[in-house]
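Asker: Below is one structure. I have some questions about it.
The values are calculated or read from the model by the stated rules, or taken from the named source; none is laboratory data. Note that the structure is a prediction, hence the values are computed from the model and not measured. Please note: Cβ atoms are built from the backbone with ideal geometry, for glycine as well, and neighbour counts cover all protein chains shown. Just the protein is used for accessible areas: all its heavy atoms, side chains included, with ligands, DNA and RNA removed. Shrake-Rupley method; radii C 1.70, N 1.55, O 1.52, S 1.80 Å.
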Amino acid sequence: MIRSVLMTAGPQAGHIAALWWLMFWICLAILLLVTGALLLAFWRSRGRAATIDTVPLINLDPHRERRISRVVVSCVAATVVILLVFLIASAATGHRLALLASDQALKIRLTGYRWWWKVQYPGETPAQEMVTANEIHIPTGRPVLIDAYSQDVIHSFWVAPLHGKKDLVPGHPSSIWIQADRPGRYEGQCAEFCGLQHAHMRLVVIAEPQEKFDAWLQAQSQPARQPSDPLAQHGLNVFLSGPCVLCHAIRGTEANGQVAPDLTHLASRATLAAATLPNSPGNLAGWIVDSQHVKPGNAMPANSLSAEDLQALLVYLGGLH
Ligand code: CUA
């Protein structure tokens with residue numbers, strides 16, 4: 001999993017990293033020059049300390065004064081030039097970031113909730129829209145337009161290897177262009193403090209070749225598979241007769257809750273709880289029974305299920321590929 005700002009995987013992050021390196025090298029050179037000048041001044045003033053009392057307070061040596069003025073003026077001029085270089089470089093970077101816009105883009109709708117991400121891929125008709133959570137798949141080498149919304153408070157979408165941060169502000173839709181040039185898994189993180197579980201509001205962007213992406217989207221667009229064995233069928237009944245349906249949706253069943261992650265293909269996702277836990281039966285069981293222990297403050301209540309019901313539910317959910 002790649003999460004570093006400097007391990008860039010796409011053009012947007014590349015432009016930002018280039019600006020970062022320019023600033024890094026210039027600032028490093030300034031630091032070395034200033035430190036060198038300071039050390040030189042210390043070294044040259046050795047031995048002068050003893051005579052300092054004998055030096056009159058006002059000792060205007062015209063030559064020395066002129067030299068000091070020249071040094072100060074050149075330092076100010078150099079500072080102005082460097083700041084101008086930074087200003088022009090960052091304006092040019094902003095311009096380059098805007099160049100990715102394209103008609104061929106893949107469009108994704110992203111909504112921040114406390115504390116997870118709803119991801120929607122529009123279909124030909126609204127009914128064909130595909131909904132998932134916390135995992136964004138994108139094809140490599142193709143611009144992706146992410147339309148960003150928030151359901152509650154301000155969140156910030158940040159996948160460092162792909163782009164800078166983009167705030168999700170309630171009532172004010174925003175958008176961001178990303179592109180991944182290399183296949184890979186890129187870790188994202190909410191970058192705006194949004195409450196108790198802000199640090200656990202993560203997501204994963206999975207970039208893959210177009211054919212693989214198309215196959216994924218095709219599979220995810222299907223309704224959930226019907227349970228084939230009695231245990232999984234019992235698990236579905238547990239799901240539908242419990243409070244789960246009030247918040248979660250499983251396409252192809254009566255569950256159509258819209259305020260929690262869509263579970264239609266839950267088993268195909270690598271993580272649970274906004275990319276904070278590996279998606280294993282043990283973690284899923286712990287989450288269902290007492291998610292407040294894992295992420296205190298989240299919207300899911302504790303569920304007391306009998307061992308048989310829980311086991312059946314895990315078998316059903318584990319079959320949702
Ligand atoms: Cu959402 Cu921090």
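Asker: If each of VAL245 and LEU217 carries a label point 7 Å out from its Cα toward its Cβ, how far apart are those two points in nm?
Answerer: Label at VAL245, label at LEU217, 3.2 nm between them.
Asker: Same structure again: Distance from a point 7 Å along Cα→Cβ of LEU305 to each backbone N in the range 271-298: keep the residues under 13 Å and list them by number.
Answerer: 281-291
Asker: Could you give the accessible area per residue of the chain, probe 1.4 Å, as a whole number in Å²?
Answerer: Details: 17830 Å² over 321 residues.
Using a 1.4 Å probe on heavy atoms only, each residue of the chain averages 56 Å².
Asker: While we're on this one: When the chain is treated as a GNM, springs tying every alpha-carbon pair under 10 Å, which of ARG66, ARG185, ARG251 comes out with the largest mean-square fluctuation?
Answerer: Maximum among the listed residues: ARG66.
Asker: Related question: Ignoring ligands, DNA and RNA, please state the percent of accessible area on the range 139-254 from carbon and sulfur, probe 1.4 Å. Display every interim value, and only then the final one.
Answerer: Values: 3010 of 5410 Å².
Summing carbon and sulfur atoms, their accessible area is 56 percent of the total for the range 139-254.
Asker: May I ask what percent, to the nearest 5, of DSSP beta bridges between residues of the range 55-200 are antiparallel?
Answerer: On the way: 20 of 27 bridges.
Approximately 75 percent, going by the DSSP bridge assignments.
Asker: Then there's this: Starting from 0.36 nm per residue, how many nanometres of slack lie between TRP21 and ALA127 once their C-alpha separation is accounted for? Before the final figure, lay out the partial values.
Answerer: On the way: separation 106, 0.36 × 106 = 38.16 nm, distance 4.64 nm.
This chain segment gains 33.5 nm when fully extended.
Asker: In nm, to one decimal, how far is the modelled label at ARG64 from the one at THR79, with both set 7 Å along Cα→Cβ?
Answerer: 2.4 nm
Asker: How many nm separate the modelled label positions at ASP181 and SER45, each set 7 Å beyond the Cα in the direction of the Cβ?
Answerer: 5.0 nm
Asker: Using 0.36 nm times the number of residues separating ALA270 and VAL289, minus their current alpha carbon distance, what extension gain do you get?
Answerer: 4.8 nm is the gain from fully extending ALA270 to VAL289.
Asker: Select from ILE30, ILE68, ILE82 the residue whose mean-square fluctuation is largest in a Gaussian network model of the chain (Cα-Cα springs shorter than 10 Å).
Answerer: Result for the chain, Cα springs under 10 Å: ILE68 fluctuates most.
Asker: Further question on the same structure: Using a Gaussian network for the chain with springs between C-alpha atoms less than 10 Å apart, which of these wobbles most: ALA105, ALA160, ALA274?
Answerer: Sorting by GNM fluctuation, first place goes to ALA105.
Asker: For the chain, give the magnitude of the charge dipole about the Cα centre (Cβ charges: +1 Lys/Arg, -1 Asp/Glu; no others), in debye to the nearest 20.
Answerer: Details: 24 positive and 22 negative charges, 346 e Å.
Value, rounded to 20: 1660 debye.
Asker: What are the membrane-span-like helices in the chain by this rule: whole DSSP H runs, Cα extent along the axis at least 15 Å, mean Kyte-Doolittle hydropathy at least 0.5?
Answerer: Values: long enough: 11-44 (49 Å, 1.61); 62-98 (54 Å, 0.97); 210-221 (16 Å, -1.07); 230-241 (16 Å, 0.60); 281-294 (17 Å, 0.05); 307-318 (16 Å, 0.90).
Passing helices, by number: 11-44, 62-98, 230-241, 307-318.
Asker: Students often forget the sequence filter, so: which aspartates and glutamates lie under 19 Å Cα-Cα from LYS118 once same-chain residues fewer than 8 apart are removed?
Answerer: Qualifying aspartates and glutamates at Cα under 19 Å: GLU129, GLU135, ASP147, ASP152, ASP167, GLU187, GLU192, ASP262.
Asker: Right, next: Whole Å is fine, so just give me how far the alpha carbon centre of the range 168-227 lies from that of the range 84-122.
Answerer: A separation of 14 Å, based on Cα centres.
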